[in-house]
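Below is one structure; the comments refer to it alone.
The values are calculated or read from the model by the stated rules, or taken from the named source; none is laboratory data. Since the structure is predicted, the reported quantities are computational estimates derived from the model, not experimental observations. Neighbour counts are summed over all protein chains in view; Cβ atoms, including those assigned to glycine, are modelled from backbone coordinates with ideal geometry. Note: accessible area is taken over every heavy atom of the protein model, side chains too, but ligands, DNA and RNA are not part of it. Shrake-Rupley method; radii C 1.70, N 1.55, O 1.52, S 1.80 Å.
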Amino acid sequence: MADRGISGDKRKYAFVAKRFVDMGYAVAIPDYRLVPAVHYPAFITDGAMAVAFAHTYAASHPENISRTQLILAGHSAGAYNAVQLVANRTFLRDVGMKRADIAGIIGLSGPYDFYPYDVSATQIAFGTTGADDSQPVNQDLHDMPPMLLITGEDDHTVFPRNSIRLAALAPDAKLVTIPGTGHVGTVVGLGTFLTGDTRITAPIGQFLARVAPVSAPSTMTTSAEVTH
């Protein structure tokens, strides 16, 4: 697993916001507290609070944003946060939400099956937390919202098996593996001009068209991103 959740700044991901805005979606990219200042589950709790804020904001602005089409998206640790805050029911329940409030999840190069904790960052972040609590693959996934899981075949930071395993367990998950692409490539591919990669943007566009078509008022896409 990657050294997760130890750095990052939402301002570095304006290009991600632009990609989704250009597709017709309203976007929020929240920051969350980082390791080692906090430990699990603080960063997931932060994400759940951001999602709840987006949900409430959409309710008060129905003419602009649809609260029924809330999409979560993230890369690497951000993908873990996006999936885990829905997979482990505690987090949404604690902010007055439920799985049915999430229209879909997009995970890019995410770690979902990384127990035992084998690098110092995960050891610090999760400590003695058991796999039944921390691992998305160990949750009850039977009514998870639709998921799109994209991974690079050459990812040696978060191995593709994480996405492969989660896709096999979730009831409505599409797995996309990108040849010749490493860990950072899946998020860089969301850029425009020289960095855009249709192998990544095309399945994302198809997924969004299925779970949150833009014919409705603009969907709120909440993206949790980190650097490495």
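The 3J(HN,Hα) values that the Karplus relation (6.51, -1.76, 1.60; θ = phi - 60°) gives for the stretch 139-155 are, in residue order, 8, 6, 9, 5, 10, 5, x, x, 10, 10, 10, 10, 9, x, 5, 9, 7 Hz. Gly and Pro appear as x. Computed with a 1.4 Å probe on the full set of protein chains, the accessible area for residue 181 sits at about 10 Å².
Heavy-atom accessible surface of the stretch 87-222, averaged per residue, reaches 43 Å², computed with a 1.4 Å probe. Across the stretch 102-117, rounded Karplus estimates of 3J(HN,Hα) from the backbone phi angles (6.51 cos²θ - 1.76 cosθ + 1.60, θ = phi - 60°) give 9, 7, x, 9, 10, x, 10, 6, x, x, 10, 8, 10, 9, x, 6 Hz, Gly and Pro being marked x. In plain terms, the chain from residue 59 to residue 194 could stretch by 44.9 nm, reckoned as 0.36 nm per residue minus the Cα-Cα distance. By a 1.4 Å probe calculation restricted to protein chains, residue 49 has an accessible surface near 110 Å², given to the nearest 10.
Note on exposure: 63, 153 ranked by accessible area (1.4 Å probe, complete protein assembly) read 63, 153, with the most exposed listed first. A cut-off of 5 Å between modelled amide H atoms, ignoring neighbours fewer than 5 places along the same chain, links residue 88 with no other residue. For the stretch 148-166, the residues whose amide N sits under 20 Å from a probe point set 7 Å from the Cα of residue 120 along the beta carbon direction are 157-158. For residue 66, the residues 5 or more places off, or on other chains, whose built amide H falls under 5 Å of its own are 218, 219, 220.
Only Lys, Arg, Asp and Glu count, each charged at its Cβ (+1, +1, -1, -1), so figure out the dipole size of the stretch 11-132 about its Cα centre, rounded to 20 debye.
I would put it at about 220 debye.
Rolling a 1.4 angstrom probe over the chain with all protein chains present gives an accessible area of which 57% lies on carbon and sulfur atoms.
Entry note, the chain: relative contact order of 32 percent, from Cα contacts under 8 Å with a spacing of 6+ residues.
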